[in-house]
1. Going by the alpha-carbon gyration tensor, a ≥ b ≥ c the square roots of its eigenvalues, is the chain rounded (a/c under 1.5) or, if a/c is not under 1.5, prolate (a/b greater than b/c) versus oblate?
2. Please give the calculated 222 nm ellipticity per residue for the chain, where each DSSP H segment of at least 4 residues contributes -39500 (n - 2.57) and the sum is spread over every residue; nearest 500 deg cm²/dmol?
3. Please find the FRET efficiency linking residue 85 to residue 60, where r is the Cβ-Cβ separation and R0 is fixed at 22 Å, and quote it to the nearest 0.05.
4. Count the DSSP beta bridges whose two residues both fall in the stretch 6-131, then state the antiparallel fraction as a percent rounded to the nearest 5.
5. I want to verify a result. In a Gaussian network model of the chain, Cα cutoff 10 Å, which of these has the top mean-square fluctuation: 102, 78, 116?
6. I need the Debye-formula profile for the stretch 42-96: one equal scatterer per C-alpha, no solvent, reported as log10 I(q)/I(0) at q = 0.16, 0.25, 0.29 1/Å, two decimals.
7. Please find, in a Gaussian network model of the chain (springs between Cα atoms separated by less than 10 Å), the residue of 28, 115, 16 whose mean-square fluctuation is greatest.
8. Rank 107, 95, 84 by mean-square fluctuation in a GNM of the chain with C-alpha springs under 10 angstrom and give only the top-ranked residue.
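Any read-out appearing in this document is the output of simple, stated calculations on the displayed coordinates, not a laboratory observation. This structure is a prediction, so every number in the text was calculated from the model and none was measured. Cβ coordinates were reconstructed from backbone atoms using ideal geometry, including for glycine residues, and neighbour counts include every protein chain displayed.
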């Protein structure tokens, strides 16, 4: 299953506007589970949902944003337009392939946004795909 930013571009998200392709990932599996838990209930989780493990080379161009660099309202729900401007700028500048961004869900953890249009994107590889390991106690 290839990675693409097309799904994020359809509806937009906290870090991208509609029409801007971006791949949302988590720095670790537990953060991925937490991110899914805040967006779904057991009844709304797609049956074909999968967990992908990807390999990002250490030498890939990256930028890391700290929480103190973000606007005061960055954690609000629904998300403010200011966060979309940050992500859109990351994609449109095409300076870095990945952007480390603080997680709203788990303080201290980072999500990794990927620019699928960046020249280094081809270096990122899917190394494992498996059914998403839902623990039904998490999603009620």
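1. Values: a/c = 1.57, a/b = 1.17, b/c = 1.35.
In terms of gyration-tensor shape, oblate.
2. -6500 deg cm²/dmol
3. According to the calculation, E is roughly 0.40.
4. Counting only bridges with both partners in the stretch 6-131, antiparallel ones make up about 85 percent.
5. 78
6. These q points yield log10 I(q)/I(0) values of -0.82, -0.99, -1.09.
7. 28
8. Largest GNM mean-square fluctuation: 107.
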